[in-house]
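Read through the structure below, which is laid out as C-alpha cells, and then see the notes.
The values are calculated or read from the model by the stated rules, or taken from the named source; none is laboratory data. This one's a predicted model, so the numbers in the text were calculated from it and none came from an experiment. Quick reminder, even Gly has a Cβ in these numbers, built from the backbone with ideal geometry, and neighbours come from all protein chains shown.
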Amino acid sequence: MTGPEALKAAYIVTWVVLLGYLGTLLGRFRKVREEMKDLKRNP
Amino acid sequence: MKQLFIAFIVLTLGLLAYSTYQALYVAPTEQTMGDVQRIFYYHVPSAWTAGVCFLVNFLASVVYLWKRNTASDALAAASAEVGMTFCTIVLITGPIWARPVWGIWWTWDARLTTTLVLWLIYVSYLMLRRFSAGGQTQVLAAALAIFGFVDVPIVYMSIRWFRTQHPSPVMGGGENSGLDPVMLQAFFWNLLSFTCVGIVLMVLRYRLQRLEENVEAKHAAVALQGGSR
Amino acid sequence: MTTLSVTRATLHKDLRMEWRSKDAINSMLFFALLVVVIFSFAFNPTAEESRSIAGGLVWVAFLFAAVVALNQTWARELRNQVLDAYRVSPAPPNALFVAKALGNFLFVVVLEVLMTPLFVVFYNLRSVGPVWQLVVVALLGTWALVVNGTFFAALSIRTRSREIMLPLLLFPISIPAVLAMVDATTSILTGEASPDFWIKMLAVYDLVFTAVCLLLFESVLNAE
Amino acid sequence: MTGTTDSPAEPVIVLEQLVKFFGRFAALRDISDRFAAGRLYVVLGDNGAGKSTLLRVVAGLMEPSQGSVTLLGTRKLREVAHRVGYMGHAPLLYDELSGMENLRYFAGLYGLHNDSVGSNAMQMVGLDPELLRRVGQYSQGMRQRLSLARAVLHDPDLILLDEPFSNVDVHSARAMAAVLGHVRDNGKTIVVVTHQAALIEGVADDFVHMSAGQIVRREAVLRRAVTTNSGAEAVR
C-alpha cells in the first residue's frame, strides 16, 4: 500500500465507522419511537 | 435545549469539515513519511476521544454504584459504546499507517497493545450488558467498568516492560519528533472536532438509552394497571 | 473477627465438599492433562525450544484449567440455591468471597503441583535460573488468576449463559497478569533475564485487584 | 390473643407501594400492607400470583423496583437479618453434607458456634441429630424438615416460609405445621406461602389471598383452633 492510498483508506475507514455507528443509532431511535407510538395507540 | 443541541451538531459538522481541510491541505507534508503522516490527524484525536469516553464511563460507573441512579448508568452505557467506536477507528487506522511506514501491519508495542487490550475489555463490557438480565445489568456492568479502568495502566506498564526486554522492529519517526507549528495547529483543530463528534454521539446514545428506559417505564405502567396478562 | 470465623467455616465446608465429590479437581486435572498432551503434539519441541515456550504453555494450560474450577465453585452454591441461605444471614459478604478465593487458590495450586512433573517429563524441562523464583511466580500468578476469577465467576452467575461469560470477562482483565507470569517463567527457565520486575508487577496486580474485588463483591452478590 | 386483623402494636412487616418488575412483567403490583407480630399468616394464590417474589423481597434477597419494606422497625434489612429466618422454595442445603454439618455451618453464619443449636433445631423438627447420611440421600419430607430447622435455628422473630410442604408426605407436613404453631405460640411472626392451605389450616391466624401481583383479600381466623387438626375452619 502506498502513502496516498493508505491516507485515503484511513480517512474513508474513519468516516465509514463513524457514519455506520450513527446509522445504527438512528435505526434504534426509529425503533424506539415506533414502539412508543404503538404503546400510545394501543396500551 | 433541543435547539442548542442542534446548533452544536451544526457547529461540530463545520468544525469537522474545517479540521479535515486543515489536515489534508493546510498542514505541510511530512518529509520522511510523506502523505501517510496525515493519518495522524485522525488517528490520534480518535484515540484521545476514546480515552475521554472511557474516563467518562469509569466516572459514571463509580457514581452509579454510589447513587444507584439510572442517569449515570445511561451515561456509562453511552460512553462505553462511543468509546468502542473511536477505539475501533484507532485500531484500524493504526495498521494502515504502520504498513507503509514501518513495513508491517502490526507490532506488539506498548501503545498498540494497550489499545487492543482496552478494546477487548470494553467489548466484554458491552457483551456483559447484553447478556445480563433486567435490573442486574447496571450493577454488574459498573463493577466490570471499574475493573477495566484499573487494569489499563497495569497493562500499559507491563507491555512497556515486555517491549524494552524484547526490542521491537523498526520504530521510526513517531509523532513527537518536533511538530511544525502549522501541523500542530491542524492537529488541535482535529482534536477539537473529534472531541465534539464524540460528545454529539454520546449525547445521542444517552438520549436513546433514556428513550428506551421511557418505553420500559410505559410498559411497566401498563403492566401495573393489569393489562399485560 | 466474625469475618475470620465465617471465612474459616466456609473454606472448611468447601474443602470438605470438594473432598467428598472431587468434582472440581478431577475435571480440572483431566482438562489440564488434555491440554498438555495436545500442546506437545501441536508443537513437538526440542529441549532447547521447549524451555523458551514452556512458560506460555504451562500458564495457558493452568488458566484454562482454572476456569473449569472457578465455574464449579459457584455452581455448588447455586444447586439448591444455597447461596440464598448465605445472603439472608448477617454474615459479611466478603468473608464468602475470601473463602471462595482461598479455596480456588488451593485447588489450582494442588493442580499445579500435580501437573508440573508431567510438564517436566513431556517437555524435557530443566530450569537454568533458580527454581525457588518459579515458586514465587506461581503463587503470585495463581492468586492473580484466582482472585479475579472468583469475582467474575460470581458476576457471571447473574447472567445468561454463565459458563461462557466467565472466560470472556476474565481473560481481557488478566492479560497483564498472564503476560507477567509467562515472561517471568520464561526468564527463569532460560536464565536469560531477571524476573524481578515481573514479580513486583504481579505483587502490585494482586494487591490492586484484591482490593477492588473486596470493594465491589457485596454489590455483585446482592445484585438481584 | 384476639383475632383482630390490625394489631395495635407495631407491625413486624410494613409494605409500602411495593412494585417488582421482571423486565416488563410486573410480579408485584403496588402492594401496601402490614403484618402484625405473633401471628401466623398463610399467603395463598395461584402460580405466578407473586407470592414467592413477595417473600424474596421481604427477606431482602431482591431489591423492589419501587416502594419499600420495613422489617421490625427498620428499612435496612441487613441490620435485622439475624432476627429473620427464611426457608426458600429450594431446600437451601448442601447435598454433600450431613444434616448436622449443614446446620453447624449455617449456625456459624449467625455467630452461633454451639453444637446444641443445630441438634436442638433438628430435634424440634423430628430429625435425629446423629443421622450420618448426607442430605442428598434424604427423602423430600426429611429435606424440607431440615430446611425448616435451618430457617429457625437462630430463633428468629420473623420466619418466612416459601412452599414448605411441597412434595412432603402428610406425616411430615403435620409435624412441620405443629412446629410452626408452637413457634407462633412463643410470640414469633410467621408468613407461610403455600398452595396447600389444608395442611396448615389448623394453626393459621390469617389468610392472605394474592392474585396477579396484588393482595386481593385478607381474612382472619376468628377463633383460633387449638393445635388439634380441625378442617372446619376452611376459609376458601
* Has the range C:147-166 got at least one residue that is at the interface with chain B (Cβ under 10 Å from one of its Cβ atoms) and assigned to a strand (DSSP E or B)? -> yes
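For (1) at pLDDT 90 or above; (2) more than 25 Å from B:GLU212 (Cα to Cα), each residue gets a yes or a no:
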{"site": "B:ALA80", "(1), (2)": "yes, no"}
{"site": "B:MET84", "(1), (2)": "yes, no"}
{"site": "B:THR88", "(1), (2)": "yes, yes"}
{"site": "B:LEU91", "(1), (2)": "yes, yes"}
{"site": "B:ALA98", "(1), (2)": "no, yes"}
{"site": "B:GLY103", "(1), (2)": "no, yes"}
{"site": "B:THR113", "(1), (2)": "no, yes"}
{"site": "B:TRP119", "(1), (2)": "yes, yes"}
* What are the residues in the range C:163-193 that are in contact (Cβ under 8 Å) with a residue 40 or more places away in the chain and under 19 Å from C:SER219 (Cα atoms), if any? -> C:LEU166, C:LEU170
* Given the residues C:PHE209, C:PHE197, which is the only one that is at pLDDT 95 or above, over 21 Å from C:VAL36 (Cα atoms), within 12 Å of another protein chain (Cβ to nearest Cβ) and part of a helix (DSSP H, G or I)? -> C:PHE209
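Name the residue, out of A:GLY3, A:GLY27, that is out of contact with any Leu (no Cβ under 8 Å at 6 or more places or on another chain) and more than 30 Å from B:THR32 (Cα to Cα).
On the way: A:GLY3 fails: more than 30 Å from B:THR32 (Cα to Cα).
It is A:GLY27.
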* Asked: Exactly one of (1) at pLDDT 90 or above; (2) within 24 Å of C:ALA24 (Cβ to Cβ) is unmet by C:LEU118. Its number?
  -> (1)
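Considering only strands (runs of 3 or more DSSP E) fully contained in the range D:1-113, which possess at least 2 residues that are more than 23 Å from C:SER5 (Cα to Cα), touching a residue at least 12 places away in the same chain (Cβ under 8 Å) and of a type in the set (Asp, Glu)? So that I can check it myself, show each step before the final result.
Details: elements: D:13-22, D:25-35, D:40-44, D:66-71, D:84-87.
Those strands (runs of 3 or more DSSP E) span D:25-35.
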* If you scan the range C:17-31, which residues turn out to be at pLDDT 80 or above and closer than 21 Å to C:ALA66 by Cβ? -> C:MET17, C:GLU18, C:TRP19, C:SER21, C:LYS22, C:ILE25, C:ASN26, C:SER27, C:MET28, C:LEU29, C:PHE30, C:PHE31
* Asked: Of these, D:GLY50, D:GLY88, D:GLY118, D:GLY67, which one is within 9 Å of chain C (Cβ to nearest Cβ) and either buried (at least 19 other Cβ atoms within 10 Å of the Cβ) or not β-branched (Val, Ile, Thr) (or both)?
  -> D:GLY88
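In this structure, is B:ALA23 in a helix (DSSP H, G or I) and farther than 18 Å from A:ILE12 by Cα? Show your work before the answer.
Values: in a helix (DSSP H, G or I): yes; farther than 18 Å from A:ILE12 by Cα: no.
No.
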* Asked: Considering only residues of the range C:105-128 that are among the aromatic types (Phe, Trp, Tyr) and over 17 Å from C:ILE53 (Cα atoms), which is surrounded by the fewest Cβ atoms within 10 Å (Cβ to Cβ)?
  -> C:PHE105
* Where C:VAL36 falls short, out of the listed (1) over 15 Å from the mean Cα position of the chain (by Cα); (2) among the hydrophobic types (A, V, I, L, M, F, W, C); (3) surrounded by 14 or more Cβ atoms within 10 Å (Cβ to Cβ); (4) closer than 20 Å to C:ALA99 by Cα -> (4)
